[in-house]
Amino acid sequence: MDKAPITSERLAASVIAVPPLARSADFTLNFPENRRIVQHLEAGGVTTLLYGGNAVLYHVSLSEYAALLLMLTEIAGDWTLVIPSVGPAFGLMMDQAEVLNEFAFPTAMVLPQSEIATSDGIAAGVRRFTERYGKPVVLYIKHDRYIAVDTVRRLVDDGLISWIKYAVVRGNPEKDDYLRELTEAVDPARIVSGIGEQPAVVHLRDFSLGGFTSGCVCIAPRLSMDFLHAVRAGDISRAEEIRAVFRPLEDLRNRIHPIRVLHAAVALAGIAETGPMVPLLSPIDSSDEPEIANTARTLLQHNGAIES
């Protein structure tokens, strides 16, 4: 596992994969299947992994957290950067800081809490967590005006933020005043597009963001890396061609549920057995399985032959 401090260059070097977390039938962590997911990503050139929403770390227990972190350090290759998440509850993240201090992860992402949170309260929570953790964190902005721009600037200026995951969904990503204000307040190279391939062209080209996260990269990592390289090279026509290949699975995720569909798609494509969805989530309906399976396998075929 790569333990070096995270730089803008490191963020830009790889698509940031956001994988599901494979579990056994009894809901325990499934080491071999999680390693299969990571090896599939690494084989496609992906070297940055972010375990957050798709891994359902919102619902991980504190008693399981140390085992989870240990597994993440062991399933990743020497050159792979792994970033776990904490929270979203304040008390939980503060307890998780004590566990994180036993490991060498260069940062952790603070999962967003929207219903019972305020801008100043989020900032206070980040400050208290970083004091206990001793390292800057990833700020996850998932909702419009989730945290005030000036507040973000102060957190960055105080050295508390490693980078920012920006995942506010817009009907038209070109029209995003909040993101524009953030890029004027903070170095855009430290902000990462957090909604997959679909808005990434606009975010990287027009807002100069430092990279992008993806869930569907877990199906087609080589293709997603090709997409990143095309955008970086200014070959937008090629990037748009690749984006169109990812769109059918993204459309299913948007229509049904982004986390549940990806969890099923990785298994139905034959990449790894992801196992049950941890409560408070539930598995996809069996009636949706054929469409998800066909769409995921088609995407995988664009990436290369389905692995046995």
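Please work out the Cα center distance from segment 228-250 to segment 259-290, rounded to the nearest Å.
Between the Cα centre of segment 228-250 and that of segment 259-290, the gap is 26 Å.
Determine ³J(HN,Hα), in whole Hz, for all residues of segment 15-24 in sequence, where each value follows from phi through the Karplus function 6.51 cos²θ - 1.76 cosθ + 1.60 and θ = phi - 60°; x replaces Gly and Pro.
With the stated coefficients, segment 15-24 comes to 4, 8, 6, 10, x, x, 10, 6, 10, 7 Hz.
Which ordering of HIS302, HIS40, HIS59, HIS263 is given by a fewest-first count of other beta-carbon atoms within 10 Å?
HIS59, HIS302, HIS40, HIS263
For ASN172 and ALA233, what does the FRET efficiency come to when R0 = 25 Å and r is the distance between their Cβ atoms, rounded to the nearest 0.05?
E(calc), rounded to 0.05, equals 0.50.
Would you mind calculating the gained length between ASN101 and ARG35 on full extension (0.36 nm times residue separation, minus the Cα-Cα distance), in nm to one decimal?
Full extension of this stretch gives 21.4 nm more.
Relative contact order for the chain: what is it in percent, counting Cα pairs under 8 Å that are at least 6 residues apart?
Answer for the chain is 20 percent.
How do LEU204, LEU70 line up, fewest other C-beta atoms within 10 Å first?
Arranged by neighbour count, lowest to highest, LEU204, LEU70 become LEU70, LEU204.
Considering amide H positions built from the backbone, and no H for Pro or chain starts, which residues 5 or more places from LEU50, or on another chain, come under 5 Å of its amide H?
ALA17, VAL18, ILE83
Just to check I understand the Karplus step: with θ = phi - 60° and J = 6.51 cos²θ - 1.76 cosθ + 1.60, what whole-Hz values come out for segment 68-83, glycine and proline as x?
My calculation for segment 68-83 gives 4, 4, 4, 4, 4, 5, 8, 8, 8, x, 4, 9, 9, 8, 10, 10 Hz in order.
What distance in nm separates the simple spin-label points at GLU184 and ASP157, each placed 7 Å from Cα in the Cβ direction?
1.6
Hey, any idea what Rg/Rh is for the chain, computing Rh the Kirkwood way over Cα pairs?
0.94
Among DSSP beta bridges whose residues both lie in the chain, state the antiparallel percentage, nearest 5.
The answer is about 5 percent antiparallel.
Under a Cβ-Cβ cut-off of 13 Å, what is the net charge of the residues other than ALA25 that fall near it, where Lys and Arg count +1 and Asp and Glu count -1?
Residues close to ALA25 contribute a combined charge of -2.
Taking amide H positions as placed in the peptide plane 1.01 Å from N, state which residues far from VAL86 in sequence (5 or more) or on other chains have amide H under 5 Å from it.
MET109, VAL110, LEU111
Which order, highest average first, do 50-58, 166-174, 213-221, 152-160 follow once you tally other Cβ atoms within 10 Å for each residue and take the mean per peptide?
213-221, 50-58, 152-160, 166-174
So for the pair HIS302, LEU70, with labels modelled 7 Å out along Cα→Cβ, what separation do we get in nm?
4.0
Take the alpha-carbon centre of segment 75-116, take the same for segment 154-206, and report the distance between them in whole Å.
21
Since every read-out is calculated from the coordinates, none of them should be taken as a lab result. No experiment lies behind these values; they were computed from the predicted model shown. Note that each Cβ is placed from the backbone with ideal geometry, even for glycine, and that neighbours are counted across all protein chains shown.
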